[in-house]
Structures are given as C-alpha cells and as structure tokens.
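Beneath this line is the structure, given in structure tokens, with notes to follow.
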Amino acid sequence: MARPRHGATRRQPKGAALERYSAVFDRWLDLVVIVAVLTALVIGFSAVLAHWLLT
C-alpha cells in the first residue's frame, strides 16, 4: 500500500514561454524600482536643501 507524500510540494518544470515572460517582467520591474528610488532620492534631497536654505 502506497503512502501519501508529505512535505514540500515538488516544483513543476517551467515552460519556455513562461521563462521569457518572467525575464521581461523582471526587467520591467527593475526599471520601475530604479525610477521610483531615484525619484524618492531627488525629492528627499530637494526637501533637505529647501529646509536648509529657508531656515
């Protein structure tokens, strides 16, 4: 009598189309994160500079 498996789910092999979509999505997400971080840095430095100059 076979016993049911317990533990982690085995990974299924990914298809080529899914890997390509994942790579494109990763590149797009990296670009979005870079733009968001640079925007936050520019706004932050501008706020600090304005605070120093206006006080």
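Since every read-out is calculated from the coordinates, none of them should be taken as a lab result. Computed from a predicted structure; not experimentally measured.
A few notes on this one:
- Helix content alone sets the calculated 222 nm mean residue ellipticity of the chain: runs of n ≥ 4 DSSP H residues at -39500 (n - 2.57) each, divided across all residues, give -26000 deg cm²/dmol.
- Stokes-Einstein D in µm²/s, Kirkwood radius over Cα pairs - the chain at 10 °C with 1.306 mPa s viscosity: 99 µm²/s
- Axis of helix 16-54 versus longest Cα principal axis of the chain: the two differ by about 20°, to the nearest ten degrees.
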